[in-house]
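Enquirer: Structure provided below as structure tokens; questions to follow.
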Amino acid sequence: MVDVFISYSRDNKARVAQIAQAVSAAGYAVWWDAELPPHRSYGDVITEKIGSAKAAIVVWSHQSAQSEWVRAEADVARNQKKLVQTAIDDVMPPLPFNQIQFAELADWNGEPDHRGWRKVLMSLEELCGREAAPAAAAPVSPTPPEPPRPAPNNWPAQPAARKPSFLPWALLGVAVIAVALLAWKLLQPPPAPAAASTPTEKTAAAENAEAAPAPDASAPAEAFTLAAVIDDPDGFTNIRSGQGTQTKIVGKILEGEKFLTYRQSGQWWRVRKADGTTGFMFRKYIRLVEGGVVSASEGYEWKLDGPVVIADSSTRELTPADAASLTKQQARLARNEIFARKGLRFKDPQLREVFGRYAWYRPTSDVVELSPIEKANVAMLKSAEDAAQ
């Protein structure tokens, strides 16, 4: 059984070999067409391997983005919900695959803690899983019977001694035990009704029972009252069973996913997911949500869903009154969210970090076309930004 199928352009064969080796080292069975048998049709083998694999890694490059074979293989994997996209140079996946997240491996040289590679491993873990097969019990060899010892030449052969039968005695013993149990049962007094049980009897029963420990009434109940999201450049943060990176991972929080916590002391805070998973998370990666708005360390503010400042700035011509109450920072975000909706790939790292928190933001191009309304709104917001203090 193949765990992972890899689709790529032959121009990138050396680079893909590094990916295949790393996937194999992670414990997955890998297939790529470097192993194509000479007696099989290419199309038949590819279709068979993609169908039998649990995950399909597509390696996008300038060459593979132009390859009809790679795009066809990616389309099959996408339809089977097993597509894992990577990019090994500065290229966006072609349409329609640019609507799906991908891991950037352009600067990856086999480091296990590389951000893009960690995303690949997380996808493989979700698609393939890692379930160990139970070890088969070792067969027990029967003890061979001891061969009969040969009689000395000067002794006459003796017939084998007949073993005495213990079956009659065993049956007799069972019958005696059964009669004794029946007589004991008949001589027992009838049980007292439940209401007549004395406190002494209940205490003795409790002392002999192996009951679960009673909850500590003095321990305060946890009140998860604060909503939060993660602020982790890796796009996810682990929930652990204890305070430390050596403790067991009991869950994950993905970027944009809300969870609950409360104000605590120390570097590790207790958190709870929507499905009830509870554990500890490093305080550094927790961003509290206040009134539906997440506070950012750079002084920005952005909502979790929808546009940042003005929801309809791409469809309605704004007036000076719309920007009168905006701060300089808000006016800048309002102006740039118009470009973000168009998929502009921002050069400013702060704008990339702000808009990168939105599920709707898909950076696809360095140049975008604006409508006349959008151009007018950009100019008006720029004026408001320049005039604001």
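The values are calculated or read from the model by the stated rules, or taken from the named source; none is laboratory data. Nothing here was measured: the structure is a model prediction, and the numbers come from that model. As a convention, Cβ positions derive from the backbone with ideal geometry for all residues, glycine included, and neighbour counts pool all protein chains shown. The protein model used for the area step is the full one, side chains on, heavy atoms only, and it has no ligands, DNA or RNA in it. Shrake-Rupley method; radii C 1.70, N 1.55, O 1.52, S 1.80 Å.
Enquirer: Could you go through region 352-369 and let me know if any residue there is out of contact with any Leu (no Cβ under 6 Å at 6 or more places or on another chain), surrounded by fewer than 16 Cβ atoms within 10 Å (Cβ to Cβ), in contact (Cβ under 8 Å) with a residue 24 or more places away in the chain and farther than 24 Å from residue 102 by Cα.
Expert: yes
Enquirer: Now for a separate question. I need a count of the residues in region 265-289 that are free of Cβ contacts under 8 Å to residues at least 12 places away in the same chain and farther than 20 Å from residue 248 by Cβ.
Expert: 1
Enquirer: Restricting the search to region 41-94, which residues are among the β-branched types (Val, Ile, Thr), buried (at least 22 other Cβ atoms within 10 Å of the Cβ) and assigned to a loop (DSSP other than H, G, I, E, B)?
Expert: Within region 41-94, 88 is the sole residue that qualifies.
Enquirer: Output yes when any residue across region 99-113 is part of a helix (DSSP H, G or I) and touching a strand residue (DSSP E or B) at 6+ places or on another chain (Cβ under 8 Å), and no when none is. Outline the logic, then answer.
Expert: Keep residues of region 99-113 that are part of a helix (DSSP H, G or I), which gives 99.
Cutting the leftovers down to touching a strand residue (DSSP E or B) at 6+ places or on another chain (Cβ under 8 Å) gives us none.
No, because not a single residue in region 99-113 is part of a helix (DSSP H, G or I) and touching a strand residue (DSSP E or B) at 6+ places or on another chain (Cβ under 8 Å).
Enquirer: Say whether the condition of being farther than 29 Å from residue 95 by Cβ, out of contact with any strand residue (DSSP E or B) (no Cβ under 9 Å at 6 or more places or on another chain) and at pLDDT 85 or above is met by at least one residue in region 364-377.
Expert: First pass over region 364-377, keeping only residues farther than 29 Å from residue 95 by Cβ: 376.
Okay, now just the ones that are also out of contact with any strand residue (DSSP E or B) (no Cβ under 9 Å at 6 or more places or on another chain), so 376.
After this cut, where a residue has to be at pLDDT 85 or above as well, the list is 376.
Yes - at least one qualifying residue is present in region 364-377.
Enquirer: If you go through region 280-292 one residue at a time, how many are on the phi < 0 side of the Ramachandran plot and either open to solvent by less than 30 Å² (accessible area, probe 1.4 Å) or not in a helix (DSSP H, G or I) (or both)?
Expert: Narrowing region 280-292 to residues on the phi < 0 side of the Ramachandran plot: 280-290.
Subsequent filtering for residues that are either open to solvent by less than 30 Å² (accessible area, probe 1.4 Å) or not in a helix (DSSP H, G or I) (or both) retains 280-282, 286-290.
Within region 280-292, residues that are on the phi < 0 side of the Ramachandran plot and either open to solvent by less than 30 Å² (accessible area, probe 1.4 Å) or not in a helix (DSSP H, G or I) (or both) number 8.
Enquirer: Modelled with pLDDT under 85 and of a type in the set (A, V, I, L, M, F, W, C): is that true of residue 91 in this structure? I'd like the intermediate steps shown before the answer.
Expert: Values: modelled with pLDDT under 85: yes; of a type in the set (A, V, I, L, M, F, W, C): yes.
Against the criterion (modelled with pLDDT under 85 and of a type in the set (A, V, I, L, M, F, W, C)), residue 91 qualifies.
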